[in-house]
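Readers should treat all values here as calculations from the given coordinates under stated rules, not as data from a laboratory. Since this is a predicted model, take the numbers as computed values, not measurements. Here Cβ is always computed from backbone atoms with ideal geometry, including for glycine, and neighbour counts include all displayed protein chains.
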Amino acid sequence: MTMTAEFVRADQTETVDVAVVGAGPAGMAAAAAAAHGGQRVVVLDQGFGAGGQIWRHAPGTPPVADARPWMERLVGSTAARRFHTSVVDLRRGETGFVLDAEQGVSPYRVVASKVILATGAREL
């Protein structure tokens, strides 16, 4: 299973129904459910792929068995995946929310009607 993500040009704004910040277990479940419900969804995560801290695995290696069904649901959904992406600002806009992010060193913007924060845990 490949968890590839597209990069968006720095001058592009992506407009969606639902933006999910975080691609760990909760983010994957939320994104897949929203996409299954017909919403235009984008998942933003600063990691190399989905899975989060709990199901972390090295790129190119298979995820642990418990993670596979959720990752397959996300991959099989219509949700767009934007990895290597850090959200740096979230604010109310005229028609919903505006998320300013960085993909590597390039700025990127998402306009979303709804936002789900699924940022999870971080090991220290």
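Odds and ends about this structure:
- Protection-proxy order for peptides 103-113, 39-49, each taking the mean of Cβ atoms within 10 Å per residue, highest first: 39-49, 103-113
- For the pair Glu72 and Glu94, a Förster radius of 35 Å applied to the C-beta separation gives a FRET efficiency near 0.40, rounded to the nearest 0.05.
- Segment Asp17-Ala121, extension gain: residue separation times 0.36 nm, minus the distance between their alpha carbons: 34.9 nm
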